[in-house]
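Structure record follows, encoded as structure tokens.
What follows is calculated from the coordinates using simple rules that are stated; it is not laboratory data. Owing to the predicted nature of the structure, the values given are computational and were not obtained by experimental measurement. Glycine also receives a Cβ, built like all others from the backbone with ideal geometry; neighbour counts cover every protein chain displayed.
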Amino acid sequence: MKLKVTDFNGESFRYCTMKYKIPEFDGEVPFTSLPVCPWSFFSSQEQHDLTDHLQQRGQLFYDYAVKEPFRFMHFRGSLGFYERDFKGCFQLRRVNADGRVMVDLLSLARANPDWPLQNAQPPSELLRDVAEKEVEATKKRKQPTEDQLLSAPAIVYGFSFSIKKWGCFDVGGLREITFEDKLMTSWS
């Protein structure tokens, strides 16, 4: 199945096509229970609820990866990362993570130039002169359109300090870091 998606490469949003294969299943199942389903199969209430959810998720992606593309966060969830198998091919692995992370696509791309980032691969000129170009690019960014929010990626890229691995994080598992006020005042 081909899907139209929006991705962000550190500089701009772009529309892309992605292939997705629905895994095999036994018997009959409702279309809406599949991981990918045509929009027209959902009731109007389900479409409304999904639209709200996707816009909220898209806004999180924009806040965490576009508006401020380098930030420290707390993440709890499944960290996806690539490792080469014995044949030299990349395999996506997952591990549970709970701790501080740095959301930073450009640093991940520089540290792992061979990673298969596909649509999220930053332009090479952005990777060469990151500091100067990133500041300029951030100034030019506008709030994404409703369409871009609806189809924004569900993941951001960065580094997990607790696992000490580069990878991708589901935006729903990211939170602002909260500090204990009592601990801060006890240092005074």
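Over all other residues within a Cβ to Cβ distance under 12 Å of Leu34, the charged ones net out to -1, with Lys and Arg as +1 and Asp and Glu as -1.
In the chain, helices alone account for a calculated mean residue ellipticity at 222 nm of -7500 deg cm²/dmol, with every DSSP H run of four or more residues adding -39,500 (n - 2.57). Work out which GluC sites (Glu not before Pro) in the chain are exposed loop sites (DSSP not H, G, I, E or B, at most 11 other Cβ within 10 Å) and give the longest gap free of them. Longest stretch, sites excluded: 29-175.
With the charge dipole of the chain set up from +1 on Lys and Arg Cβ and -1 on Asp and Glu Cβ about the Cα centre, the Cα lying farthest toward the positive end among the listed residues Phe161, Met18, Val36 is that of Phe161.
Across the options Gln118, Leu106, Cys89, the greatest Cα extent toward the positive end of the charge dipole of region 84-127 (unit charges at beta carbon of Lys, Arg, Asp, Glu) belongs to Cys89. Histogrammed with a bin width of 5 Å, the alpha carbon distances of the chain distribute as 1, 7, 13, 16, 19, 16, 12, 8, 4, 2, 1, 0, 0, 0 percent, first bin at zero.
GNM on the chain, alpha-carbon springs under 10 angstrom: the most fluctuating residue among Pro153, Pro69, Pro35 is Pro35.
In this calculation the C-beta distance from Thr178 to His53 is compared with R0 = 30 Å, giving a FRET efficiency of 0.75.
Can you give the net charge of the other residues whose Cβ lies under 14 Å from the Cβ of Gln56, counting K and R as +1 and D and E as -1?
-4
Dipole magnitude for the chain: about 520 debye, using +1 per Lys or Arg Cβ and -1 per Asp or Glu Cβ, origin at the Cα centre.
Ranked by how many other Cβ atoms sit within 10 Å of their own Cβ, fewest first, the residues Val156, Val95 fall in the order Val95, Val156.
By how many degrees, between 0 and 90 and to the nearest 10, does the Cα long axis of helix 44-61 differ from the longest principal axis of the chain? With rounding to tens, the tilt is 20 degrees. Remark: spin-label model distance Arg110-Ser124 equals 1.7 nm, labels positioned 7 Å along the Cα→Cβ axis.
Could you pull out the pairs from Lys2/Lys67; Lys2/Lys165; Lys67/Lys87; Lys67/Lys164; Lys19/Lys142; Lys4/Lys87 whose alpha carbons sit more than 27 Å apart here? Spell out each step's value before the answer.
Numbers: Lys2/Lys67 29 Å; Lys2/Lys165 31 Å; Lys67/Lys87 39 Å; Lys67/Lys164 25 Å; Lys19/Lys142 29 Å; Lys4/Lys87 31 Å.
Table pairs above 27 Å Cα-Cα are Lys2/Lys67; Lys2/Lys165; Lys67/Lys87; Lys19/Lys142; Lys4/Lys87.
Comparing Trp39, Trp115, Trp166 in a Gaussian network model of the chain (Cα springs below 10 Å), the most mobile by mean-square fluctuation is Trp39.
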